[in-house]
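Structure first, commentary second.
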Amino acid sequence: MKGLVIKNTGSWYQVKSDDGQFIECKIKGNFRLKGIRSTNPVAVGDRVQIILNQEGTAFINEIEDRKNYIIRRSSNLSKQSHILAANLDQCMLVVTVNYPETSTIFIDRFLASAEAYRVPVNLVFNKIDAYDEDEFRYLDALINLYTHIGYPCFKVSAKNGHGVEAIRKALEGKITLFSGHSGVGKSTLINAILPGIETKTGEISSYHNKGMHTTTFSEMFPVDGDGYIIDTPGIKGFGTFDMEEEEIGHYFPEIFKVSAECKYGNCTHRHEPGCAVRKAVEEHLISESRYTSYLNMLEDKEEGKYRAAY
């Protein structure tokens, strides 16, 4: 029997079979012996084969090839990865200029990770109902930057519904991962898109001006137009997991494009003579913040350790 993994609780997986049944499944232990260096060898969005037994439970015994997935390192100390979701058509990265602030380094690390695994990303700037004039100017500057690079951007207020309909239309017919820091309003936005779902929403921690975790497992919800939303736990940071140092620049589209004009083919864009990327930064053709994020990821890789991006 084949089906789609729609929920992961850590120890159990809910699979929607091709004939419409919802089946609670476990995984066979040998999945962990096949070189899958992941805390969750099966992810929401996976197509799987399952075996039913006489006790009424089921085991996942095969995962079909994934077209893509998005991944992060599971913890500061772990060398394992955590797959957020698989077989995605797109990702909606929910970010906020404030309450809490999402740093451009975090945004760029997420975008680079998504580029590495061939997942298109839309940026959803939430909480526009809460911003003052200066914050709106900064918001517009960020939207101008990322739109120019090629990332579609949305301005929304999940609280009052502004811009939600545009998001809803963008979800039609697609499997979409929703991700972002805890506290950016991801669950509130999903509630606005799917009023019957009522995913948990949490208050902002006033001490850190950061969100409290509200989603503890990944889950897939159907949306109008034959699409799905995948909701994931709030994430704190992305490392340069599974990236080679020389590849990092490939995952910044504007840097990769300009790098073809560098004097040396193996240019790291830091100190080499004839570097077209540094020249483009000096001439404001490449954003200083994006270049800083690129350097940050290079340093992260060189140090051989994970640095969370807050």
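How large is the Rg to Rh ratio of segment 58-169 when both quantities use alpha carbon positions and Rh follows Kirkwood?
1.04
Under 5 Å between amide H atoms, partner at least 5 residues away or on a different chain: which partners does TYR69 have, H built in plane at 1.01 Å?
Excluding prolines and chain starts, which carry no amide H, the hits are ASN87.
Taking H as built 1.01 Å from N, whose amide H comes closer than 5 Å to the amide H of PHE154, not counting residues under 5 places away?
The answer is LEU123, VAL124, PHE125.
For a Förster distance of 41 Å, can you work out the FRET efficiency between the beta-carbons of GLU24 and LYS263, rounded to the nearest 0.05?
With a Förster radius of 41 Å, E is 0.10.
Taking every pair of alpha-carbon atoms in segment 245-303, give the share separated by more than 15 Å as a whole percent.
When all Cα pairs of segment 245-303 are counted, 41 percent exceed 15 Å.
Work out from phi, with θ = phi - 60° and the Karplus expression 6.51 cos²θ - 1.76 cosθ + 1.60, the ³J(HN,Hα) of each residue of segment 223-232, listed in order in whole Hz, and give x for Gly and Pro.
Listing the rounded values in order: 10, 4, x, 6, x, 9, 9, 10, 9, 10 Hz.
Sorting check: for 273-281, 173-181, which peptide has the highest mean count of neighbouring beta carbons within 10 Å, and how do the rest follow?
Top to bottom by mean Cβ count within 10 Å: 173-181, 273-281.
Here are some pairs, LYS67/LYS127; LYS2/LYS28; LYS169/LYS257; LYS174/LYS257; LYS2/LYS26; LYS2/LYS186; which of them have Cα atoms lying more than 23 Å apart in this structure?
Those over the limit are LYS67/LYS127; LYS169/LYS257; LYS174/LYS257; LYS2/LYS186.
None of the figures in this text is laboratory data; all of them are computed from the coordinates on show. Quick caveat, the model's predicted, so the values are computed rather than measured. A quick note on method: Cβ atoms are made from the backbone with ideal geometry, for glycine too, and the neighbour counts reach across all protein chains shown.
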